[in-house]
Amino acid sequence: MPASTDSPTVPDGTAVDLPEAPAWRGVNHLALVTPDMDATVRFYAGVLGMPVVATTMAGPMRHYFFEMSPGNTVAFFEVAGAETFAKGAGSPTDRAIQLDHLAFNLPDEAALLQLQARLRAAGSEVTEIVDHGFLRSVYFTDPNGIALEASHWVPEGTAPGSGSGTGTNDPARFLDPDPVPALTELQAGALASVPRTRLV
């Protein structure tokens, strides 16, 4: 069902005039957590065949991006000592499950500014644009408290999968100063090993 184009109201009944919605381009990245980035690189790049398209440091944490389709990635924060557990897909659990945040993909800076204006017009808090070097983002939350981000890849035309030819040695996109051994192996040409996984 398409989003309504009528002027909605905020909880006090005041009508708000929202700017036009931006042109969404899928999921920019899913931000997950791993205690072991090296094993994660070996699985996602080595086993699943998702190329590593960017790395950075978020404070003390590595943040690596694996491409699923042009401009759409799954990303991991490496959190030392993060607790992990296995759960079959679709099976219930009594454990708390936390996704770090969901990042939606936008085509360019204009769309990012358009979304920011729309969120503000609706009375939603949103950050200023945050420049990560290879992508630019705004951050906000949904009514459930889920952390959301909207991003676009920069510079234009060099998004992962855009045919720009950027590889794992691009210094503008690979910003981890001390990469895990698996990334060093990929940069040299091939992984030396990959992990085995089991069904639960």
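What to note about this one:
- First in region 14-34 and under 20 Å from GLN114 (Cα atoms), second anywhere and of a type in the set (D, E, K, R), Cβ under 6 Å, 6 or more apart: LEU18/ARG118; PRO19/ARG118
- Residue among ALA39, ALA23 that alone is among the small types (Gly, Ala, Ser), in a loop (DSSP other than H, G, I, E, B) and in contact with a Pro (Cβ under 7 Å, 6 or more places away or on another chain): ALA23
- In region 117-139, residue surrounded by the fewest Cβ atoms within 10 Å (Cβ to Cβ) [restricted to those that are hydrophobic (A, V, I, L, M, F, W, C), in contact (Cβ under 8 Å) with a residue 12 or more places away in the chain and in a strand (DSSP E or B)]: VAL138
- Of residues in region 64-104 being over 10 Å from the mean Cα position of the chain (by Cα) and among the β-branched types (Val, Ile, Thr), the one farthest from LEU199 (Cα to Cα): VAL79
All of the numbers you see were taken from the coordinates with simple rules; none came from a lab. Computed from a predicted model, the values in this text were never measured in an experiment. Every residue, glycine as well, gets a Cβ built from its backbone with ideal geometry; the counts of neighbours run over all protein chains shown.
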